[in-house]
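Q: Got a structure for you, written out below as structure tokens; questions coming shortly.
The values are calculated or read from the model by the stated rules, or taken from the named source; none is laboratory data. Remember, it's a predicted structure, so these values are computed and weren't measured experimentally. So basically every Cβ, Gly included, is an ideal-geometry build from the backbone, and we count neighbours across all protein chains shown. For accessibility, only protein heavy atoms count, side chains too; no ligands or nucleic acids. Shrake-Rupley method; radii C 1.70, N 1.55, O 1.52, S 1.80 Å.
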Amino acid sequence: VLASLPLQMMLYFNVYYFPVWFLAEGMMLQLKYQLLPQHYQFLMVAAFLILSLAEGSRLYLGYVGNLQEK
């Protein structure tokens, strides 16, 4: 079984687009943070952190899994 070139290309471009998404989402969260009620503030920050960690680990595992053919 060989490594998937289309998957590797998608992972490669996603690695470069992820920081752009991270900065844009972080700036939008910062701008509207004070306008949200307290419970939404907590939920938005928690969702931002969970999505960021999940995307980072997904990219890492995709790279490792595809290049090592796992």
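Q: Is it the case that Glu25 is loosely packed, with under 12 Cβ neighbours inside 10 Å and either within 29 Å of Ala3 (Cα to Cα) or within 14 Å of the chain's Cα centre (by Cα) (or both)?
A: no
Q: Let me confirm something: among Leu31, Leu7, which residue is modelled with pLDDT of 90 or more, part of a helix (DSSP H, G or I) and either open to solvent by 60 Å² or more (accessible area, probe 1.4 Å) or touching a helix residue (DSSP H, G or I) at 6+ places or on another chain (Cβ under 7 Å) (or both)? Step through it out loud before you land on a result.
A: Values: Leu7 fails: modelled with pLDDT of 90 or more.
That would be Leu31, the only listed residue that is modelled with pLDDT of 90 or more, part of a helix (DSSP H, G or I) and either open to solvent by 60 Å² or more (accessible area, probe 1.4 Å) or touching a helix residue (DSSP H, G or I) at 6+ places or on another chain (Cβ under 7 Å) (or both).
Q: List the number of the failed condition for Met44; all other conditions in (1) among the aliphatic types (A, V, I, L, M); (2) in contact with a Leu (Cβ under 7 Å, 6 or more places away or on another chain); (3) open to solvent by less than 50 Å² (accessible area, probe 1.4 Å) hold.
A: Every condition holds for Met44 apart from (3).
Q: State whether the residues of the range 55-66 include one that is more than 16 Å from the chain's Cα centre (by Cα) and either open to solvent by 60 Å² or more (accessible area, probe 1.4 Å) or modelled with pLDDT of 90 or more (or both).
A: Looking for residues that are more than 16 Å from the chain's Cα centre (by Cα) and either open to solvent by 60 Å² or more (accessible area, probe 1.4 Å) or modelled with pLDDT of 90 or more (or both), one finds none in the range 55-66, hence no.
Q: Still on this structure: Among the candidates Phe48, Phe18, which residue alone is in contact with an Asp or Glu (Cβ under 9 Å, 6 or more places away or on another chain), aromatic (Phe, Trp, Tyr) and touching a residue at least 24 places away in the same chain (Cβ under 8 Å)?
A: It is Phe18.
Q: Which one of the conditions (1) of a type in the set (Phe, Trp, Tyr); (2) at pLDDT 95 or above; (3) exposed (fewer than 10 other Cβ atoms within 10 Å of the Cβ) does Tyr16 fail to meet, given that it meets all the rest?
A: The single condition Tyr16 does not satisfy is (2).
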